[in-house]
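Novice: One structure follows; several queries about it will come next.
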Amino acid sequence: MIEIGAQVGLSHPPERVWLALTDRELLGRWFAEAETVEGVPDRLLLHTAGLPGFEANVEVEVTERQEPDLLVLACDEAGRLSELTCTVTTTKQGCRLELREVSTHGAWSAEQHEPREEQLRQALTVRLPAILDWLAFQQVDLRRADGGMTAELPLIRVRREAGRNPRRRRTLVAVVAGAVLVAGTAAWVTLPSDPKPTAAPAPTTTASPTATAGRTTAAPTATPSARPTRTTASATTRPSRTPSAKPSRTPASAAPPPPPTPMVARYETDSSRLFGYTGEIVVDNPGGAPVTDWAVVVTLAEGTTVDDVDGANGRQDGRAITFTGAAVAAGGSLTISFDVRDSRPKAREPESCAIGGQPCAGL
């Protein structure tokens, strides 16, 4: 790991220094001209090619921002990656600005390291203070209409180095410039019933004698032959209760259910960044019934990790991440969004995407 650093004490408030670090126009005055990258609002291209210690222009992107104290930038100089950290600390005189750049991929040669660090010091100690003084003067002048004295007065500093003409000096903030540039842009994240059993004949009742005008007349009684016999042989006269009397319930009579319609999915890269991208997967259920048990498996490129998932649950195992979630209604869809961080510049798309063993469209 190679590190380049510099710091400077400034007689200006942290808010003014922050503005110089994050405003694209001001950044171009004390470090290097910068331009936005078309279609990517959170990224800047710093024109550093040809400056001492630089081999190419630097593309920067803000990765952390805590106004007005901390700004962290990811820098890419023709494939050489670094991280630039700008820290602003309040002091009694104003504030202290410290810049530290650490190589994360690739390294600067000995011929690059020394002039690059010197350019950073020159930008911080000469051109930046001059721009801050100029900015203070502009702010004071704009407040004259308020009447009376202002709390801040312009401060002018002139520094010269023996044997060198300041007018011909081209000052450049090496890695810091790239980082600051990006920051500027950031000022800108039934079973059938059984047959009824035959009722047994009601028992014969014997009528009691009836008294009729002095004579007794016996009511006729039923003969015993009218009562059904209860010998075992009578069982043959009862309806059969054997299972054969029941209708058949064999599965062969039921038609098998139709197979479920498979789920489908499509992938799209929603947005790309200097060191990552946002992927989006739309899961569709073309069938006629809800599907609760589904999973999308995405294989990422080597060196990439998933930071955040929205719309589903994500579980990463090595380079494979499995997405699962709520039931998808019949004819409905579900959208999954996930942020990927890539250790290399120009982020790469996933290597594969599949749902239920079927590849996702669009990849």
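Novice: Taking K and R as +1 and D and E as -1, what net charge do the other residues with C-beta under 9 Å from the C-beta of ASP42 add up to?
Specialist: Numbers: positive: ARG43, ARG273; negative: GLU61.
Value of the local net charge: +1.
Novice: Within a Cβ distance under 13 Å of GLU67, other residues only, what is the Lys/Arg minus Asp/Glu net charge?
Specialist: Working: positive: ARG16, ARG65; negative: GLU15, ASP23, GLU64, ASP69.
That works out to -2.
Novice: Mind ordering 123-130, 70-77, 85-92 by average Cβ neighbours within 10 Å, highest first? Mind showing how you got there, number by number?
Specialist: Details: 123-130: 21.1, 70-77: 23.8, 85-92: 15.0.
Averaged packing, sorted descending, gives the order 70-77, 123-130, 85-92.
Novice: A follow-up question, please. What nm value, rounded to one decimal, do you get for the distance between THR269 and ASP69 when each label is placed 7 Å out toward the C-beta?
Specialist: Distance between label points: 3.7 nm.
Novice: Points 7 angstrom from Cα along the Cβ direction at SER109 and ALA330: gap in nanometres?
Specialist: Between SER109 and ALA330, the label points sit 7.0 nm apart.
Novice: Please say if region 260-363 is rounded, prolate or oblate, where rounded means a/c under 1.5 for a ≥ b ≥ c the square roots of the C-alpha gyration tensor eigenvalues, and otherwise the choice is prolate for a/b larger than b/c and oblate otherwise? Could the numbers behind the result be given before it?
Specialist: Values: a/c = 2.20, a/b = 2.14, b/c = 1.03.
It comes out prolate by the Cα gyration axes.
Novice: Over region 1-90, give the accessible area per residue in Å² for a 1.4 Å probe, as an integer. Working shown, then result.
Specialist: Numbers: 3790 Å² over 90 residues.
That works out to 42 Å² for each residue.
The values are calculated or read from the model by the stated rules, or taken from the named source; none is laboratory data. Since the structure is predicted, the reported quantities are computational estimates derived from the model, not experimental observations. Using ideal geometry, Cβ is built from the backbone for each residue, glycine included, and neighbour counts are taken over all protein chains shown. For the accessible areas, the whole protein counts, side chains as well, though only heavy atoms, and no ligand, DNA or RNA atoms are used. Shrake-Rupley method; radii C 1.70, N 1.55, O 1.52, S 1.80 Å.
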